[in-house]
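Have a look at the structure below before the remarks.
The values are calculated or read from the model by the stated rules, or taken from the named source; none is laboratory data. Keep in mind the model is a prediction, meaning the values are calculated, not measured. When we count neighbours, we look across all protein chains shown, and the Cβ atoms used for this are built from the backbone with ideal geometry, even at glycine. Heads up: the accessible areas ignore ligands, DNA and RNA and are worked out on the full protein's heavy atoms, side chains in. Shrake-Rupley method; radii C 1.70, N 1.55, O 1.52, S 1.80 Å.
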Amino acid sequence: SILKEIRQLLTKAWELPEADRKRVIKRLLLKWHPDKNPNIVKLATEITQTILNYIRHLEKGGSLDEDED
């Protein structure tokens, strides 16, 4: 459910101008950074890594389909 929301957010962000897209990415990464989530460090780390993978995938022209979990 968290990853689904992140996929949707990043997919929409990719339709925005670059500056706005970077702001969305920065906000998302700050929200899930392990240092900002001391009670759920392992989960936050996994989500941050997944976000970075999603970003790399989108930068290569890919899409974030629902069945990628």
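Please give the FRET efficiency for E46 paired with V24, using the beta carbon to beta carbon distance and R0 = 25 Å, rounded to the nearest 0.05.
Values: r = 20 Å, r/R0 = 0.81.
With R0 = 25 Å, the Cβ-Cβ based efficiency is 0.80.
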Practice item. For the chain, give the percent of accessible area contributed by carbon and sulfur heavy atoms, probe 1.4 Å, rounded to a whole number. Key: 53
Practice item. Return the label of the correct value of Rg and Dmax of the Cα atoms in Å, as calculated from the structure shown, out of (i) 15.1, 48; (ii) 11.9, 35; (iii) 19.7, 57. Key: (ii)
Review point. Per residue, how much accessible area does the stretch 2-60 have with a 1.4 Å probe, in Å²?
Key: 71
